[in-house]
Amino acid sequence: MSFFVHTLQRDLLLAFRNRNDIVNPLAFFVIVIALFPLAVSPDASVLSTIAPGIIWVAALLATLLSMDGLFKNDFDDGTLEQVLVSPQSLVLLALGKVFSHWLMSGFLLALLSPLLAVMLFLPTQAILALVSSLLLGTPTLSLIGAIGAGLTVGLRKGGVLISLLVLPLYIPVLIFGAGAVQAGVMGMPIAGYLALLGAIMVFSLMFAPFAVAAALKLSIRN
Amino acid sequence: MLTVKDLSCERDDRVLFERLNFTLRAGEVLQIEGQNGSGKTSLLRILCGLSSSFEGDIFWQQDNVHEKPTVYLRQLLYVGHHAGIKASLTAEENLRWMQTLHPLLNRCSITYALKQVGLFGYEDVPCYALSAGQQRRVSLARLYLSAHPLWILDEPFTALDKKGVLEKELLIAQHVRGGGLCILTTHHDFDLPDIAVRRLNLDLLVTA
């Protein structure tokens, strides 16, 4: 377990040293959402109807954008193969890296989302639904994305392939995430949606790290 | 003791080596020789468990490596083509991470190891600001830290100056004299004082 903590510390330190990598998905998130009022309509009623979908799609794409680099750098400079020739567990490495990735993407996106919700005239009663659905849904996006990143890490151009591999698996999270916010807008209970998002997260938390470890072994040992 | 039995490797329909057999005992050095592309790196990666495109068996102290990988990996230090260091971390942070990976990197302090490779005073410099040779030194500093019985080194002397090479040769000699094993590839003229270096030429193996 201490290896998990060390991995997390190291990746957070690396993220702090390369701050661009953190800013990139956040900037993407903000810019995409800021363009909608200009392109669709600045009308409050129109924007508030489409806001849940826009914010969730933008969050999903922002996560996907940063997924490609998750293992790529470690693969290129040889630190990943050093983990493979060490007695440490790849599963804990995967878990540590995914958690750090989520802190730098999904978590920050969730913190940022109320601001963008106000910009899109999302009713105040839905903001809680938005933040909590993002907090419960984005870890799943990071976990599933990491499987794709692990499978494509050995390929020269894996970026597009990751999207093709993991986007279909993102759909349930998108549906329940945006659904929770819609329900929040209409003042309906959101507990059911959140429970489903939480269940999906727990399920992927249980299986994804093992799948990531297997994918990394496969990519390196071929 | 490392034993290799009937090891064969084929890449892209080309046989790199076939039915390779050897035993390396404590206190022995094995240098793998061969032209570029003869399979030196492939062989070392197979021995480290970094490649699965092979047939045959590898035994470490009578145990099949495939069955007890963690026991074997605990005893093994591998230095590959890639330096295995993070450019945005400092020399000290990189070595500390390596210690997290390998519990046996505990023979001396990080400061001492950095002093040995001539990087004293560079602890706090991020590795991207170091020269290629200095980055290699950071990577090789773990040889000073290492208490692993088995070293597998792939071209460890690239980018090192003559003095650096000499120091590493002495270090390998010291490691072997203390009962360690070492397998390495290098294009340098490699010889150790008072220690017989066993040589395995992969070119001769295929033609034979």
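The table that follows gives values for the structure above.
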| read-out | value |
| --- | --- |
| Only listed residue being under 21 Å from the mean Cα position of the chain (by Cα), within 14 Å of another protein chain (Cβ to nearest Cβ), buried (at least 17 other Cβ atoms within 10 Å of the Cβ) and among the aliphatic types (A, V, I, L, M), chosen from A:Leu112, A:Leu92 | A:Leu92 |
| Total residues in the range B:56-101, condition touching a helix residue (DSSP H, G or I) at 6+ places or on another chain (Cβ under 8 Å), facing another protein chain (nearest Cβ under 7 Å) and charged (D, E, K, R) | 1 |
| Cβ pairs under 8 Å, 6+ apart, first in the range B:36-51 and closer than 14 Å to A:Ile220 by Cα, second among the basic types (Lys, Arg) and surrounded by 24 or more Cβ atoms within 10 Å (Cβ to Cβ) | B:Ser51/B:Arg45 |
| Any hit, the range A:137-148, residues being surrounded by fewer than 20 Cβ atoms within 10 Å (Cβ to Cβ) and not charged (D, E, K, R) | no |
| Test: A:Gln88 is within 30 Å of B:Arg96 (Cβ to Cβ) and not in a helix (DSSP H, G or I) | yes |
| Looking only at the range B:102-113, and only at residues there that are surrounded by fewer than 21 Cβ atoms within 10 Å (Cβ to Cβ) and part of a helix (DSSP H, G or I), the one that is farthest from the other protein chains (Cβ to nearest Cβ) | B:Tyr112 |
| Condition check for A:Ile220: part of a helix (DSSP H, G or I), within 14 Å of chain B (Cβ to nearest Cβ) and among the β-branched types (Val, Ile, Thr) | yes |
| Condition check for A:Ala51: surrounded by 15 or more Cβ atoms within 10 Å (Cβ to Cβ) and either within 14 Å of chain B (Cβ to nearest Cβ) or modelled with pLDDT of 90 or more (or both) | yes |
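Table: residues versus (1) closer than 21 Å to A:Met104 by Cβ; (2) hydrophobic (A, V, I, L, M, F, W, C).
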| residue | (1), (2) |
| --- | --- |
| A:His6 | yes, no |
| A:Gln9 | yes, no |
| A:Leu38 | no, yes |
| A:Thr49 | no, no |
| A:Pro52 | no, no |
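The values are calculated or read from the model by the stated rules, or taken from the named source; none is laboratory data. Since the structure is predicted, the reported quantities are computational estimates derived from the model, not experimental observations. As a convention, Cβ positions derive from the backbone with ideal geometry for all residues, glycine included, and neighbour counts pool all protein chains shown.
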